[in-house]
1. Going by amide H atoms built from the backbone, whose H comes under 5 Å of the H on A:Val203, apart from near neighbours?
2. What are the ³J(HN,Hα) values, in whole Hz, obtained from phi via the Karplus relation 6.51 cos²θ - 1.76 cosθ + 1.60 with θ = phi - 60°, for each residue of the stretch A:6-16 in sequence order, with x given for Gly and Pro?
3. Largest first, please: the extent of the C-alpha atoms of chain A along each principal axis, to the nearest Å.
4. Determine ³J(HN,Hα), in whole Hz, for all residues of the stretch A:189-198 in sequence, where each value follows from phi through the Karplus function 6.51 cos²θ - 1.76 cosθ + 1.60 and θ = phi - 60°; x replaces Gly and Pro.
5. Amide H to amide H, which residues 5 or more places from A:Leu208 or on other chains are under 5 Å from it, using H placed in the peptide plane?
6. Got a sec to turn the phi values of the stretch B:128-137 into Karplus ³J(HN,Hα) couplings, 6.51 cos²θ - 1.76 cosθ + 1.60 with θ = phi - 60°, whole Hz, x for Gly and Pro?
7. Using the C-alpha gyration tensor of the stretch A:24-146, what are the square roots of 5 times its eigenvalues, in whole angstrom, with the largest one first?
8. Just report the Cα centroid separation between the stretch B:5-76 and the stretch A:119-163, whole Å.
Amino acid sequence: APPKAIPKTIENQRVYDETTVDPNDEEVAFDEATDEFAPYFNRQTVPKILITTSDRPRGRTVRFCEQLSSVIPNSHVYYRRGLALKRIIPQCIARDFTDLMVINEDRKIPNGLVLSHLPDGPTAHFRMSSVRLRKEIKPTEHAPEVILNNFTTRLGHSIGRMFASLFPHDPQFIGRQVATFHNQRDYIFFRFHRYIFKSEKKVGIQELGPRFTLKLMSLQKGTFDSKFGEYEWIHKRREMDTSRRKFHL
Amino acid sequence: RTKTQNFCRNEYNLTGLCNRSSCPLANSQYATIREEKGRCYLYMKVIERAPFPRRLWERVLLSKNYEKALEEIDENLIYWPRFLRHKCKQRFTKITQYLIRIRKLTLKRQRKLVPLRRKIERREKRREEKALIAAQLDNAIEKELLERLKQDTYGDIYNFPIHAFDKALQQQDAESESESEAEKEEDDEDMDKREFVEADDSDLSDFEDMDKLETSSEEEQEEEEEVEEKASHSKSKGKTPLKGPARRKRPYIEIEYEEETEPTTKTK
């Protein structure tokens, strides 16, 4: 009988992306040492995050913001009463915030996320979908661990570092909490779990905390600026959505 | 159309309503205010120019200054019926007000509406679902956690005396020696560690050294135990909305805790 064939999945057939990061790549390592996240990875800055929404947030969005802030340690939620982003940014920098998250909402559900690293860092705009709020169990205040899965290309790498810079460096293992950003076919799934090791080969996870999926729309070099900013990457629908096997993250 | 009045579609109309007195077609002497690109003009029509349609409407630029413009209207429409003059000034006032508002708004942030496209939206949604299924998040997370455990990122918090387990199944004496050694070696006080240690020792409460070690670790970690109990209870309250695999594991976890607490209370 013929040997069992390996089933073809989209991940197998994925068009090879030339910007895939090789773990031993020197250039990449050098880039990472000198890019905007260097102070974070060198432990010079402690992450402090400001979460806010677009104007007039509705119930679900408000609750989602609160839950997000409980997931990410050292984060604060501020409501925006018609304040221009451009004016908020210098204020944030003055008050020592490292990251700014703006949750955009549409018809009472959050559907967009703008994440910008503050002292002049890159700004990423995501489309958010399938947001599920938390049910009952609350995470504790320990710093969670971070898992970043499948961020292979250069772009994915920089986005992954962006996510990593949201969380404090030393996860408190006592808390046994883990926040996962899993990239699959250009969709980033966020989950928040509590784990427990039952034996050496078995771990149990319990989902707590909100969950949502993100799709990267654009990445800008500087802080948020829609007119004059320099875009490092934009999702162009016509060009990039043509092939089913080509992914960018 | 309201119940009593119609709207006039003529662009030179002064009030916007279709009346005998405010129709530019019906009156041979007429005046209007219209604005173009932010500047206001006074348009006038007189009988003398009725046969010359091209030269019919005479246009006068009004000054940007509100009061001066009002004066200009007055001097241009001198000797004209009061109704036209009054309505012209009213219209001019309204126009300037809305121009001011426009200028103010453009300075503030403006909301740009980007239309969603249904087809694309549906496509994205479907792709997301498929990606979710392909991702198998739980498995991936579990694998990652186990790998981290293997690579010792957690240090010595978790103690899995597999060898001790095996020996426990075979012989109890040999097992007790090796376990006591294991305990003395791994002498960090952390909660999870304590779980496994005591589970092993549940059979061997006779051994003196082990009792000493147990009691010492108990005293230090009684509080932690209670905290853990509370944690397990709080987990039990939130039991129902959990997913399937977690649900399977939860009763298992609770039993573990129960076993541990019972022997400690007995030994007390």
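Just so you know, all these numbers are worked out from the coordinates, no wet-lab data involved. None of the values given here were measured: they were computed from a predicted structure.
1. For A:Val203, the qualifying residues are A:Lys198.
2. Each residue of the stretch A:6-16 in turn: 6, x, 7, 10, 5, 5, 5, 8, 4, 5, 5 Hz.
3. Per principal axis, max minus min of the Cα coordinates gives 69, 47, 41 Å.
4. Result, rounded to whole Hz: 9, 10, 9, 10, 10, 10, 10, 8, 8, 8.
5. Here the answer is A:Phe192, A:His193, A:Arg194, since their amide H atoms fall under 5 Å of that of A:Leu208.
6. 4, 4, 5, 5, 4, 5, 5, 6, 6, 4
7. Its equivalent ellipsoid spans semi-axes of 27, 18, 15 Å.
8. Each part reduced to its Cα centre gives a spacing of 62 Å.
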